[in-house]
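Here, each number is a calculation from the coordinates, and none is a lab measurement. This one's a predicted model, so the numbers in the text were calculated from it and none came from an experiment. Neighbour counts are summed over all protein chains in view; Cβ atoms, including those assigned to glycine, are modelled from backbone coordinates with ideal geometry.
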Amino acid sequence: MHEEQIRELQEMSAALSDRLDDLEAKVDQIMTQQADIDAATAALTALTGDVATNVTTLQNDVTAIKNEIAALQSQGVDTSKLDAAVAAAQSTAANLDAAVAGVTSAAPAAPATPAATTPDATPAATPPAATPPAGS
């Protein structure tokens, strides 16, 4: 009878070990996917920053062009086609502003810091919260 119990315990141990291996594989897969998501988020955030910088540059250039147009108009030069081009550039800048704002608002918040783990990868124990004295 003792041998039968040992055999059952060995079978249970093997089954638990197999299950643990399955869980570890799933955790590895999840961590890899999270790393991919984090990398894509960082790339998108950098791209959004670059586009925002370009929008600012475009807006500054439009202002400079408008100033030049005003100088030409004071000399009697017909700038109607140039005025239309500037209006189109301003529209493009406004559309880029809206696109940047949309991407920025859709970007997820920074990922939470993972919980501390012990060397065997189990979550570290947290001390129980203090309970207030009775009657308070």
Original post:
With a sphere of radius 15 Å drawn around the Cβ of Ala14, what net charge do the other residues whose Cβ falls strictly inside it have (Lys, Arg +1; Asp, Glu -1)?
Top reply: -3
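Length gain on complete extension for the stretch His2 to Ala88, per 0.36 nm per residue less the alpha carbon to alpha carbon distance?
Working: separation 86, 0.36 × 86 = 30.96 nm, distance 8.84 nm.
Gain on stretching His2 to Ala88: 22.1 nm.
Kindly identify the stretch 2-104 as rounded, prolate or oblate by the Cα gyration tensor criterion: order the square roots of the eigenvalues as a ≥ b ≥ c, call it rounded if a/c is under 1.5, otherwise compare a/b with b/c, prolate if a/b is larger, else oblate. Walk me through the intermediate numbers first.
Details: a/c = 11.67, a/b = 7.98, b/c = 1.46.
Prolate is the answer for the stretch 2-104, as a/c is 1.5 or above and a/b outweighs b/c.
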